[in-house]
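Engineer: Okay, handing you the structure first.
The values are calculated or read from the model by the stated rules, or taken from the named source; none is laboratory data. Remember, predicted model here, so these are calculated numbers, not experimental data. Cβ placement follows ideal geometry from the backbone for every residue including glycine, while neighbour counts extend to all protein chains displayed. Side chains included, ligands, DNA and RNA excluded: accessible areas come from the protein's heavy atoms. Shrake-Rupley method; radii C 1.70, N 1.55, O 1.52, S 1.80 Å.
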Amino acid sequence: MEGERRASQARSSGLPAGGADGESPGGGAPFPGSSGSSALLQTEVLDLDEDEDDLEVFSKDASLMDMNSFSPVMPTSPLSMINQIKFEDEPDLKDLFITVDEPESHVTTIETFITYRIITKTSRGEFDSSEFEVRRRYQDFLWLKGKLEEAHPTLIIPPLPEKFIVKGMVERFNDDFIETRRKALHKFLNRIADHPTLTFNEDFKIFLTAQAWELSSHKKQGPGLLSRMGQTVRAVASSMRGVKNRPEEFMEMNNFIELFSQKINLIDKISQRIYKEEREYFDEMKEYGPIHILWSASEEDLVDTLKDVASCIDRCCKATEKRMSGLSEALLPVVHEYVLYSEMLMGVMKRRDQIQAELDSKVEALTYKKADTDLLPEEIGKLEDKVECANNALKADWERWKQNMQNDIKLAFTDMAEENIHYYEQCLATWESFLTSQTNLHLEEASEDKP
């Protein structure tokens, strides 16, 4: 029964059936890696918030029993096990629905901040109820992201929107900013909910269900300041040492990430510039309609013609505004999300390298007998398990992420292309209708002038 449960966990997480250490039930070969091809997409946009340090390190004990941080925290209730079977047989079936809405401003003597209502509906047995409603602020989302990175250092955690805090500005939260952030936070939580491993993280469950005071109490249960400082010191030491022999597949993966980051940032900048120019064009075109109306008042012979021109301009303005809305709501957020993903991927690779660097340092110490040789073999064995587990988790998540990325970007650009075609067809039809009516009018006038 235990073997079946572990196999079920592995299938849902993309890890080998042997468990978190990446081995088969019989101690066989580890999970096969992906090709990691670096020639996939040629795409570029913004940077992550500098507050989100990239020196995050796996802080669990490196024993084999603690390797569960790399595998999903699977529920044990019968209903949850049934849900897992449903996920395998019907991959489109969801049992966790999350909505982020109703932003609310809070002003205190110290700060101004926004909270968002989060409604969770689920049929999972490990939840105490089928529906929860809580309010969370941006700092709470940051805490969740940090906990997910700590528990799963080599899984690709969805990115959060940047802070965009401008010090000294009380009214920095305008409606557009709040709505943009709300949509990004909604996507962040739903991407976690759709992830085969992250969706069962205990901190994620607490984030969705705990009241404010319960969440605050839970946050205080984390490692103390000295422990976090120790983790940071070890992370810095590992990064300074570097990785001597990074596996070829991770070299290819790193090259892909660097190229992807350059291209997606370029696409983001171009998209932002196109939107800015489109906005300027729209603002200028809006003035032409009223100008033609005023002009018609002083031209008795051209009254109808000038009013028709103003009407055509007005219809084209509305079509342009609709296209701009599609650009700002469909394309720009997708491109920018993957800019942030590129930063997340660099952080994931750095954490993987830190784990391997820690192993390399122990192997070097044993080789040159720089430490107690009686304890080093046991520590090296544990670190080898940790490295293998980290590698397997990243390889499995990497393929999943690439497929999602391809689908998201392809869909965004395809939808934008269709929207552009519809826009130009609409504007063309507007002016063709105007020209046809003017031609017919002139023909009628010419026929009336004939004797």
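Engineer: Only one residue in Thr373, Thr320 is at pLDDT 90 or above and either exposed (fewer than 14 other Cβ atoms within 10 Å of the Cβ) or in contact with an Asp or Glu (Cβ under 8 Å, 6 or more places away or on another chain) (or both), so which one is that?
Structural biologist: That would be Thr320, the only listed residue that is at pLDDT 90 or above and either exposed (fewer than 14 other Cβ atoms within 10 Å of the Cβ) or in contact with an Asp or Glu (Cβ under 8 Å, 6 or more places away or on another chain) (or both).
Conditions tested, residue by residue: (1) at pLDDT below 95; (2) over 25 Å from Phe127 (Cα atoms); (3) under 14 Å from the mean Cα position of the chain (by Cα).
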residue	(1), (2), (3)
Ala151	yes, no, no
Ile157	no, no, yes
Pro161	yes, yes, yes
Phe173	yes, yes, no
Phe177	yes, yes, no
Thr180	yes, yes, yes
His186	no, no, yes
Asn190	no, no, yes
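Engineer: Additional query: Specify which of the listed residues (Asp415, Asp408, Asp397) is at pLDDT 90 or above, of a type in the set (Asp, Glu) and crowded, with 21+ Cβ neighbours inside 10 Å.
Structural biologist: Step by step, each of Asp415, Asp408, Asp397 is checked, and only Asp397 is at pLDDT 90 or above, of a type in the set (Asp, Glu) and crowded, with 21+ Cβ neighbours inside 10 Å.
Engineer: When you go through (1) open to solvent by 80 Å² or more (accessible area, probe 1.4 Å); (2) over 28 Å from His186 (Cβ atoms) one by one for Arg273, which number turns out not to apply?
Structural biologist: (2)
Engineer: Out of Leu142, Leu148, I need the residue that is under 25 Å from Arg400 (Cβ atoms) and surrounded by fewer than 18 Cβ atoms within 10 Å (Cβ to Cβ). Which one?
Structural biologist: Answer to the check: Leu142.
Engineer: Further question on the same structure: In the stretch 102-137, which residue that is open to solvent by less than 20 Å² (accessible area, probe 1.4 Å) and within 24 Å of the chain's Cα centre (by Cα) is nearest to Arg182 (Cα to Cα)?
Structural biologist: Tyr116
Engineer: Restricting attention to the stretch 226-262, and to residues there that are outside any helix (DSSP H, G or I) and of a type outside the set (Val, Ile, Thr), which single residue is modelled with the highest pLDDT?
Structural biologist: Taking the candidates together, the pick is Pro247.
Engineer: If you don't mind, there's one more thing I want to ask. Suppose we filter the stretch 258-300 for residues that are of a type in the set (Phe, Trp, Tyr) and under 18 Å from Phe413 (Cβ atoms); how many remain?
Structural biologist: Summing the residues that are of a type in the set (Phe, Trp, Tyr) and under 18 Å from Phe413 (Cβ atoms) in the stretch 258-300 gives 2.
Engineer: Based on this model, can you work out whether Asn265 counts as under 24 Å from Phe177 (Cα atoms), polar (S, T, N, Q), assigned to a helix (DSSP H, G or I) and touching a Ser or Thr at 6+ places or on another chain (Cβ under 9 Å)?
Structural biologist: yes
Engineer: Based on this model, can you work out whether Phe97 counts as part of a helix (DSSP H, G or I), closer than 30 Å to Asn174 by Cβ and modelled with pLDDT of 90 or more?
Structural biologist: When the stated conditions are applied, Phe97 does not pass them.
Engineer: What pairs come out if I take residues in the stretch 283-311 that are in the same structural domain as Arg323 (by the TED database) and pair them with residues that are at pLDDT 90 or above and basic (Lys, Arg) whose C-beta lies under 8 Å away, six or more apart or interchain?
Structural biologist: Qualifying pairs under 8 Å: His292/Lys307; Ile293/Lys307; Ser296/Lys307.
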